Number of protein chains: 2
Amino acid sequence: MEIARTVADVRKIVKKWKNEDNMIGLVPTMGFLHEGHASLIKKAVKENDKVIVSDFVNPIQFGEGEDLESYPRDFETDTKLCEKLGVDVIFYPEVNEMYHEQKTYVNIEELSKGLCGSKRPVHFRGVCTVVSKLFNITKADRAYFGQKDAQQLAIIKKMVEDLNFDIKIVDCPIVREADGLAMSSRNTYLNTEERKAALCLIKATKYGERNISKGMKSARLIEIMSDIIKKEPLAKIDYIEVVDKKLLQSVEFIEEPVLVAMAVYIGKTRLIDNFSWDVEK
Amino acid sequence: MEIARTVADVRKIVKKWKNEDNMIGLVPTMGFLHEGHASLIKKAVKENDKVIVSDFVNPIQFGEGEDLESYPRDFETDTKLCEKLGVDVIFYPEVNEMYHEQKTYVNIEELSKGLCGSKRPVHFRGVCTVVSKLFNITKADRAYFGQKDAQQLAIIKKMVEDLNFDIKIVDCPIVREADGLAMSSRNTYLNTEERKAALCLIKATKYGERNISKGMKSARLIEIMSDIIKKEPLAKIDYIEVVDKKLLQSVEFIEEPVLVAMAVYIGKTRLIDNFSWDVEK
């Protein structure tokens, strides 16, 4: 496995791969890899001839007062995992390799305003911009994203369609701890008590999944899910929302395929979870 | 020469070309081709194995009240010229082939606010978005732009750098009519009297070029150029500005390489012209 530190390094490797007609898979990450990332990487390794994992804590997707500085990093462990999983290249650039006097941004405002975007106004603009850069640098044929970041996934899919990127977006199911908590690098912020409290997210998710039905009022679903979170004293709801799966607009009644997404603060840590519902599934 | 009407058509042709290791040149145009476009196309044909000319009046770069509807079109004549110049493919899509529920935009706000951008707030966002799409659709190795649209050229170059597009931007000098008027599809809007009046642009440009010098105050240069335009009763200055060549910010004194750009209304028609000045050239 090679560690590429510069755009030029990646381009050189990719050029060689393309000449040999290899299919390239890209797994964009911010590092501190867990089993969720591993599931994406395994799928990428299985489906492509060559796999690039990018390992880059992208500063422009963090807003002011967010956890850019404290975001967990462990490149050595990431490297070992990638090596073990059969990754060909880790792209691990410095910030100034990716950004110098950056003036250009890719934005998809309408899909970025609600859900996580309402509290994180620059977040998805930062995600779209870095992902566009990674697509252009790696020229990947397929890119792998987790369903845990459901809004991000919908945004990336729409961006690919709108800007005609010639890449297939492959989405992978949420990977959970044994007790059901969705895996996240931010779970490391939780102390023992908070870790227990965090289970209210999966409880609400499961309860919502069991009780959702065609024709139901979204407000009713949100109410019964909120009631579960509210029972947990350490939890504070940021949002629970029901939106259409393509353009992420709020829906009043559950008729078309929807995404039910939530963000909940457990102490100071903001966690997310979600489920999708398809008509008469 | 092939006429491609869909993205899928272009992708199919490009895939074949790439398999045969061809270098691809792209000349993005809005059609109604004149000698200025022809100079770009000739250069592209000379420098590449295959050349695509896109011929698409891009609605999202026109603001409200601008000339989207009346913008001149003549696809038949464009086709003949391209054929004659050795173009391989004209990409001539319908609007709904390029845009359906478009939500994603590429923007480079800081470089887009001044000069033409101050009166045309959505213009360069529309240009960056369509050019990104064309880059992704054609996977060209080189793209050709005229120096007449100097702000557009600077913006595209910065966008390519910022988003890591793997494409070389080739810029070509302004092509002028025999009497010096910069070629433009919009010149057809001018009546006989206005056509004569339009020469004040080249007069001011030439006078500015002869009188610019290191250390000069930009305001002084703008003043002497404005005086020339003001002598023409049919002309109304939109702007004359002196900006740095990379980030297009106003400069007070002429020290670093600058772009001196102007937009002038001749009757209802808005025309542009410019020149570049390099240190001690």
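The values are calculated or read from the model by the stated rules, or taken from the named source; none is laboratory data. In this text, all values refer to a predicted model and were calculated from it rather than measured experimentally. Cβ coordinates were reconstructed from backbone atoms using ideal geometry, including for glycine residues, and neighbour counts include every protein chain displayed. Heads up: the accessible areas ignore ligands, DNA and RNA and are worked out on the full protein's heavy atoms, side chains in. Shrake-Rupley method; radii C 1.70, N 1.55, O 1.52, S 1.80 Å.
For chain B, DSSP calls about 50 percent of its internal beta bridges antiparallel. Residues whose amide H comes within less than 5 Å of that of A:Gly146, counting only those at least five positions distant or on another chain, are A:Cys172 (H built at 1.01 Å from N in the peptide plane).
Could you work out [θ]222 nm for chain B from helices alone, using -39500 (n - 2.57) per DSSP H run of at least four and dividing by all its residues? Round to the nearest 500 deg cm²/dmol.
Details: 11 runs with 110 residues, N = 281.
Estimated from H runs of four or more residues: -11500 deg cm²/dmol.
Placing pseudo-labels 7 Å out from each Cα toward the beta carbon at B:Gln102 and B:Lys46 gives an inter-label distance of 3.3 nm.
Tell me which DSSP H helices of chain B clear both cut-offs, 20 Å or more of axial length from alpha-carbon atoms and a mean Kyte-Doolittle hydropathy of at least 0.5. Before the final figure, lay out each step's value.
On the way: long enough: B:123-138 (22 Å, 0.71).
The qualifying helices are B:123-138.
How high is the relative contact order of region A:185-276, given as a whole-number percent (alpha carbon pairs under 8 Å, six or more residues apart)? Walk me through the numbers before you get to the answer.
Working: 145 pairs, mean separation 27.4, N = 92.
Relative contact order, region A:185-276: 30 percent.
Which of the GluC sites (Glu not before Pro) across region B:160-240 are loop residues per DSSP, with 14 or fewer other Cβ within 10 Å? Numbers along the way, then the final one.
Numbers: sites: B:Glu161, B:Glu177, B:Glu193, B:Glu194, B:Glu209, B:Glu223; in loops: B:Glu177.
Sparse-neighbourhood loop GluC sites (Glu not before Pro): none present.
Computed extension length for A:Glu209-A:Tyr265: 18.1 nm, one decimal, from 0.36 nm per residue of separation with the Cα-Cα distance subtracted.
At the nearest 100 Å², what buried accessible area, both sides summed, do you get for A and B when the probe is 1.4 Å?
Numbers: alone 13970 and 13960 Å², together 25390 Å².
Summing both chains' loss of accessible area gives about 2600 Å².
Keeping all protein chains in place, calculate the accessible area per residue for chain B (probe 1.4 angstrom), answer in Å².
Details: 12690 Å² over 281 residues.
Averaged over the residues of chain B, the accessible area is 45 Å².
What is the sum of charges around A:Val170, taking Lys and Arg as +1, Asp and Glu as -1, for the other residues whose C-beta is under 13 Å from the C-beta of A:Val170? Computed value for this residue: +3. On the rotation that sends chain B to chain A, the chain B Cβ lying closest to the axis gives residue and distance in whole Å as B:Val106, 3. Take every pair of alpha-carbon atoms less than 8 Å apart whose residues are at least six positions apart; their mean separation over the length of chain B yields a relative contact order of 17 percent.
For region B:1-54, applying the loop criterion from DSSP together with a ceiling of 14 other beta carbons within 10 Å to the trypsin sites (Lys or Arg not before Pro) yields B:Arg5. Label-point distances for A:Glu255 to the equivalent site in the other copies, using a point 7 angstrom along Cα→C-beta, read 6.4 nm when ranked shortest first. Each other copy places its own label point for B:Thr188 at 6.3 nm from this one, sorted shortest first, where the point lies 7 Å along the Cα-to-beta carbon line. Close Lys pairs in region B:4-88 (alpha-carbon distance under 20 Å; sequence gap of 8 or more, or different chains): 14. Excluding same-chain neighbours fewer than eight residues apart, the aspartates and glutamates reachable from B:Lys157 by a Cα-Cα span under 16 Å are A:Glu101, B:Glu109, B:Glu110, B:Asp141, B:Asp149, B:Asp166, B:Asp171, B:Asp244. Other protein chain C-beta atoms within 10 Å of residue C-beta, averaged over B:97-106: 6. Ligands, DNA and RNA left out, the 1.4 Å accessible surface of chain A is 49% carbon and sulfur atoms.
If you count the DSSP beta bridges with both ends in the protein assembly as shown, what percent of them are antiparallel, to the nearest 5?
Numbers: 45 of 83 bridges.
Around 55 percent antiparallel, to the nearest 5.
Among the GluC sites (Glu not before Pro) in region B:3-103, which ones are in a DSSP loop with at most 10 other Cβ atoms within 10 Å of the Cβ? Mind listing them?
Working: sites: B:Glu20, B:Glu35, B:Glu47, B:Glu64, B:Glu66, B:Glu69, B:Glu76, B:Glu83, B:Glu94, B:Glu97, B:Glu101; in loops: B:Glu20, B:Glu64, B:Glu66, B:Glu69, B:Glu94, B:Glu101.
Those that pass, being in a loop and sparsely packed, are B:Glu20, B:Glu64, B:Glu69, B:Glu94, B:Glu101.
Projecting 7 Å from Cα along the Cα-to-Cβ direction, the label point of A:Glu94 sits 5.2 nm from its equivalents in the other copies, listed shortest first.
Suppose each label sits 7 Å from its Cα in the direction of the beta carbon; what would the A:Met23-A:Arg73 distance come out to in nanometres? For A:Met23 paired with A:Arg73, the spin-label model returns 3.5 nm.
To make sure I understand the rule: partners must be lysines, Cα under 20 Å from the Cα of A:Lys214, and not fewer than 8 residues away in the same chain. Which ones qualify? Reachable lysines: A:Lys206, A:Lys245, A:Lys246, A:Lys281.
Inter-chain Cβ neighbour count for B:155-166, averaged per residue, equals 5 (cutoff 10 Å, partner chain atoms only). In straight-distance terms, cross-link reach from B:Lys196 covers every one of the aspartates and glutamates whose alpha-carbon lies under 17 Å from its own, apart from those fewer than eight places away in the same chain; here that gives B:Glu177, B:Asp179, B:Glu232, B:Asp273.
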